[in-house]
1. For segment 89-105, enumerate the residues that are on the phi > 0 side of the Ramachandran plot and part of a loop (DSSP other than H, G, I, E, B).
2. Among the residues of segment 17-26, are any part of a loop (DSSP other than H, G, I, E, B), under 18 Å from SER106 (Cα atoms) and at pLDDT below 75?
3. Of the conditions (1) under 22 Å from ASN29 (Cβ atoms); (2) loosely packed, with under 14 Cβ neighbours inside 10 Å, GLY89 fails just one. Which one is it?
4. Could you please let me know if SER72 is polar (S, T, N, Q), outside any strand (DSSP E or B) and open to solvent by less than 70 Å² (accessible area, probe 1.4 Å)?
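The values are calculated or read from the model by the stated rules, or taken from the named source; none is laboratory data. Note that the structure is a prediction, hence the values are computed from the model and not measured. So basically every Cβ, Gly included, is an ideal-geometry build from the backbone, and we count neighbours across all protein chains shown. Protein only, heavy atoms only, side chains kept; ligands, DNA and RNA dropped before computing areas. Shrake-Rupley method; radii C 1.70, N 1.55, O 1.52, S 1.80 Å.
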Amino acid sequence: FYGDEILIDGGGDSLSNSSFGDTLKFSKNLTLDLINFPITRKLKNLETIDMRGTSSILKLNVNNLQSLSSSSNKLYVRGDGNSSVMLMGSPFLSTGSQIVGGINFSCYSPSARRATLCVESGVAVVP
């Protein structure tokens with residue numbers, strides 16, 4: 001990383017501190033495969049991935065979820081009806097919903113793991 005910026009797919013994607021903690025914001029459509037993309041080993045202390053305004057796909061598994069935010073073990077995914085999250089590997093169980101900052105999230109946790117994924121309502125979640 002250089003400062004607060006991270007280049008993911010040709011430009012404009014950034015890493016910043018927002019009201020949801022450290023946030024990776026997508027500026028264009030892309031698929032971010034946290035399972036197979038080598039840069040993900042360098043993504044640390046990230047609390048939010050923001051895909052709003054794009055038609056993007058996020059692929060992740062239990063290990064990715066736990067390694068992104070070592071302090072909170074919680075990841076928020078913001079997005080809209082054009083974005084989706086693919087949960088790979090171990091099953092993720094629904095743990096209900098949360099309202100954070102007036103935004104409704106559906107939350108999931110992998111069985112027997114202490115990590116939580118909260119996905120903004122409207123984002124498709126594919127088990």
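1. If we filter segment 89-105 for residues that are on the phi > 0 side of the Ramachandran plot, which is where we start, we get 89, 96, 101-102.
Answer for segment 89-105, where residues must be on the phi > 0 side of the Ramachandran plot and part of a loop (DSSP other than H, G, I, E, B): GLY89, GLY101, GLY102.
2. yes
3. The number of the failed condition is (1).
4. On the way: polar (S, T, N, Q): yes; outside any strand (DSSP E or B): yes; open to solvent by less than 70 Å² (accessible area, probe 1.4 Å): yes.
Yes, satisfied.
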